[in-house]
1. Restricting to Cα atoms and excluding each atom paired with itself, what does the Kirkwood estimate give for the chain in Å?
2. Given a cut-off of under 8 Å on Cα pairs at least six residues apart, what relative contact order in percent is computed for the chain?
3. Using a 7 Å offset from the Cα along the Cα-to-Cβ direction at both residue 2 and residue 49, what is the distance between the two label points in nm, to one decimal?
4. Residue by residue through segment 27-34, which ³J(HN,Hα) values in whole Hz follow from phi under the Karplus form 6.51 cos²θ - 1.76 cosθ + 1.60 (θ = phi - 60°), with glycine and proline marked x?
5. What size of dipole, in debye to the nearest 20, comes out for segment 2-49 about its Cα centre when the only charges are +1 on Lys and Arg C-beta atoms and -1 on Asp and Glu C-beta atoms?
6. What is the gain in length, in nm to one decimal, between residue 26 and residue 10 on full extension, counting 0.36 nm per residue of separation less the C-alpha to C-alpha distance?
7. Per DSSP helix of 4 or more residues, -39500 (n - 2.57); summed, then divided by the residues of the chain. What does that give at 222 nm, rounded to the nearest 500?
Amino acid sequence: MTKDPVCGMQVDDNKSEFQSQYGGKQYTFCSPDCKEKFEKNPEHFAQSAA
């Protein structure tokens, strides 16, 4: 389980179909909406997740 960097929800990496790569790291999302928000401003959300 990992934390969705956009909404903070716990997400199962093995089951979620919503994933994106940024800065050599994989991010997993709970929904297509969170994935889309991340991809519009990945630097902001990646920093928040760190």
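Rule-based calculations on the coordinates, nothing more; no lab input. Every value quoted in this text rests on a predicted model; they were computed, and no experiment measured them. Virtual Cβ from ideal backbone geometry, glycine too; neighbours counted across all protein chains shown.
1. On the way: mean 1/r = 0.0957 Å⁻¹.
One decimal place: 10.5 Å for the Kirkwood radius.
2. On the way: 68 pairs, mean separation 17.9, N = 50.
That works out to 36 percent.
3. 0.5
4. Using θ = phi - 60°, the values come out as 10, 10, 10, 7, 8, x, 5, 5 Hz.
5. 100
6. Working: separation 16, 0.36 × 16 = 5.76 nm, distance 1.48 nm.
Extra length available between residue 26 and residue 10 comes to 4.3 nm.
7. Values: 2 runs with 17 residues, N = 50.
Here the helix-only value at 222 nm equals -9500 deg cm²/dmol.
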